Amino acid sequence: MPRPQSQHYAISDLRDQPGFCSTVADRVWRAWWQGAGHPLEQVANHMQEMLDERELPFGLVAHEGATYLGSTLIISCDLEERPQYAPWVAAVWVDAEHRHQGIGRALVRRAAEATFDLGHDVAYLCALPERRSFYEAFGWRRLEEGVGPHGLTVLTCVRGI
Ligand SMILES: CC(C)(COP(=O)(O)OP(=O)(O)OC[C@H]1O[C@@H](n2cnc3c(N)ncnc32)[C@H](O)[C@@H]1OP(=O)(O)O)[C@@H](O)C(=O)NCCC(=O)NCCS
């Protein structure tokens, strides 16, 4: 019988691993901000908010020692059309060479658990329609579809379900 593999990486709060902030900023910028013409410095400045003592926002990083694997940010607002929803699991990213090992799923799960630990009953996430199956495969449910100019799907993860 094959032995179950133990997890080879850690998921840490960025406040405990601030050295990863510049890498997270780089990935977030390349994936979502660069194309819209925003400078890297703007994202890097936002990362400072992840490090202060406020409950939100904060970041989680998956890493193997000093090697960055992936990250997510937990923020108050990710969709300006839906200010009534919070908090949001956002900017889920796993570096290409580390994908398909369950790291993305583990990051999103940990992020939802962290919001529940803060007293929230629901965590929100928005995704392009072609990405939603990734989240639905581990329990996130569609709340709304076709939101905003990009036709985003809003998904939720509810405490205890
Ligand atoms: C989406 C992403 C975070 C997934 O990370 P990952 O570590 O590969 O995810 P997991 O290994 O936990 O994936 C589990 C399963 O989800 C599914 N899945 C993975 N990526 C998917 C995608 N982009 N769309 C739909 N389903 C996906 C697959 O079925 C995968 O199983 P497999 O490895 O057997 O194919 C990663 O592909 C990524 O960083 N993509 C670019 C950024 C992005 O699109 N972020 C999401 C924004 S909403």
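Any idea which of Ser76, Pro57, Ala111 is furthest toward the positive side of the dipole for segment 10-120, if Lys and Arg beta-carbons carry +1 and Asp and Glu beta-carbons -1? Selected residue: Ala111. Full extension of the chain between Ala44 and Glu80 yields a length gain of 10.8 nm, computed as 0.36 nm times the residue separation minus the alpha carbon distance.
Each listed q (0.14, 0.19, 0.20, 0.22 Å⁻¹) maps to a log10 I(q)/I(0) for segment 93-161 from the Debye sum over equal C-alpha point scatterers, namely -0.45, -0.79, -0.86, -0.99. I need the shape label for the chain. Rule: rounded when a/c is under 1.5, else prolate if a/b > b/c, else oblate, with a, b, c from the alpha carbon gyration tensor. The shape class here is rounded.
From most to least packed by mean Cβ count within 10 Å, the peptides 117-130, 51-64 give 51-64, 117-130.
Subtract the Cα-Cα distance of Ala96 and Glu145 from 0.36 nm times their separation in residues, and report this length gain in nm to one decimal. Please report the intermediate quantities before stating the final value.
Numbers: separation 49, 0.36 × 49 = 17.64 nm, distance 2.76 nm.
That pair, Ala96 and Glu145, stretches by 14.9 nm at full extension.
Phi angles across segment 14-24 convert, under the Karplus curve 6.51 cos²θ - 1.76 cosθ + 1.60 with θ = phi - 60°, into 3J(HN,Hα) values of 4, 5, 8, 9, x, x, 8, 4, 5, 5, 4 Hz, Gly and Pro given as x.
Working from label points 7 Å from Cα in the Cα-to-Cβ sense, the Asp52 to Arg15 distance is 1.3 nm.
A simple spin-label model places the labels of Thr67 and Trp32 2.6 nm from each other, with each point 7 Å out along Cα-to-Cβ.
Ignoring ligands, DNA and RNA, what percent of the accessible area of the chain is carbon or sulfur (1.4 Å)? Don't jump to the answer; show the numbers that get you there.
Details: 4490 of 9110 Å².
Using a 1.4 Å probe with all protein chains present, the chain comes out at 49 percent carbon and sulfur.
Projected label points at Val122 and Arg159, each 7 Å from Cα along the beta carbon direction, are separated by 1.4 nanometres.
Per-residue ellipticity at 222 nm for the chain, helices alone: DSSP H runs ≥ 4 residues times -39500 (n - 2.57), over residue total, nearest 500 deg cm²/dmol? Here the helix-only value at 222 nm equals -7000 deg cm²/dmol. Per residue, the solvent-accessible area of the chain (1.4 Å probe, heavy atoms of protein chains only, all protein chains present) comes to 57 Å².
The values are calculated or read from the model by the stated rules, or taken from the named source; none is laboratory data. Here the structure is a predicted model, which is why all the values come from computation and not from measurement. Every residue, glycine among them, receives a Cβ derived from its backbone with ideal geometry; neighbour counts consider all protein chains shown. Calculation scope for accessible area: heavy atoms of the full protein, side chains included, ligands and nucleic acids excluded. Shrake-Rupley method; radii C 1.70, N 1.55, O 1.52, S 1.80 Å.
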